[in-house]
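Enquirer: Before I ask anything, here is the structure I am working with.
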Amino acid sequence: GAIEIDGDDVYYAAPATVGEPAIAAIQVTVEVDGSPTLVALKGVGVGVREATANPVIASVLVDGAEVAEGGDVELALGATAALDLVTDPPPTQDAIAHWYATVGEIELYRRAPTEIAAGDEPGEGWLLVTFRDEQGGVDWRTARLNVR
């Protein structure tokens, strides 16, 4: 395959035919004036099964209340809140959710439902959840997280 550049857009153009399914490793290096060099590596499946639709996170729930994409989650100091999500299609046994928070702590971060502990220090940050289905499709959601 080849990397193609069209203005500000960069594409990977897979070969027209492949003998057997393969993974093409693509490495991208970015340097911005005086900043550390960033390197990203991405595997692209070539000649693998037909693409399927990504799952959709329909709702993120904190203590049972729906949180809008990019919305706010308010937690009291020392509080623990339940985290869950609703996906379309519903998750199978092989699907997995990952929860991340820049304030507070999520001990069992690789499952849904789970819990977040706000901790004893006030802070502002982000709550992020990713959901990957058994076919490798992915969706994610973010919300602002405030511990007061």
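The values are calculated or read from the model by the stated rules, or taken from the named source; none is laboratory data. Here the structure is a predicted model, which means the values were calculated and not measured. As a convention, Cβ positions derive from the backbone with ideal geometry for all residues, glycine included, and neighbour counts pool all protein chains shown. Ligands, DNA and RNA are excluded from the accessible area calculation, which covers all protein heavy atoms including side chains. Shrake-Rupley method; radii C 1.70, N 1.55, O 1.52, S 1.80 Å.
Enquirer: Six or more apart or on different chains, Cβ under 7 Å: which pairs go from a residue in the range 22-41 that's under 19 Å from Y11 (Cα atoms) and of a type in the set (S, T, Y) to one that's assigned to a strand (DSSP E or B) and open to solvent by less than 100 Å² (accessible area, probe 1.4 Å)? Could you list them?
Expert: Here the result reads T29/V39, each pair linking the range 22-41 to a residue that is assigned to a strand (DSSP E or B) and open to solvent by less than 100 Å² (accessible area, probe 1.4 Å).
Enquirer: So, one more: Considering each residue of the range 24-82, count those that are farther than 28 Å from G1 by Cα and either of a type in the set (A, V, I, L, M) or open to solvent by 60 Å² or more (accessible area, probe 1.4 Å) (or both), and give that number.
Expert: Number of matching residues: 27.
Enquirer: Going by what's in this entry, would T114 be described as modelled with pLDDT under 95 and of a type in the set (S, T, Y)?
Expert: no
Enquirer: Give the range 106-134 a look and list any residue that's in contact with a Lys or Arg (Cβ under 8 Å, 6 or more places away or on another chain), open to solvent by 80 Å² or more (accessible area, probe 1.4 Å) and under 30 Å from V44 (Cβ atoms), or say none.
Expert: Hit for the range 106-134 is W126, nothing else.
Enquirer: Just to be sure I understand the filter: pairs with C-beta atoms under 7 Å, separated by 6 or more residues or on different chains, first member in the range 64-80 and closer than 13 Å to E121 by Cα, second member open to solvent by 80 Å² or more (accessible area, probe 1.4 Å) and in a loop (DSSP other than H, G, I, E, B). Which pairs pass?
Expert: Matching pairs, first to second residue: A76/R148; L77/D120; L77/P122; L77/R148; G78/D120.
Enquirer: Collect the residues in the range 1-23 that are in a loop (DSSP other than H, G, I, E, B), open to solvent by 70 Å² or more (accessible area, probe 1.4 Å) and either at pLDDT below 80 or closer than 15 Å to L41 by Cα (or both), keeping them in residue-number order.
Expert: Listed by number, the residues that qualify are G1, A16, T17, G19, E20, P21.
Enquirer: Show me the strands (runs of 3 or more DSSP E) entirely contained within the range 86-148 in which 1 or more residues are in contact (Cβ under 8 Å) with a residue 12 or more places away in the chain and under 11 Å from the mean Cα position of the chain (by Cα).
Expert: Of the strands (runs of 3 or more DSSP E) lying wholly inside the range 86-148, those with at least 1 residues that are in contact (Cβ under 8 Å) with a residue 12 or more places away in the chain and under 11 Å from the mean Cα position of the chain (by Cα) span 96-101, 123-132, 138-147.
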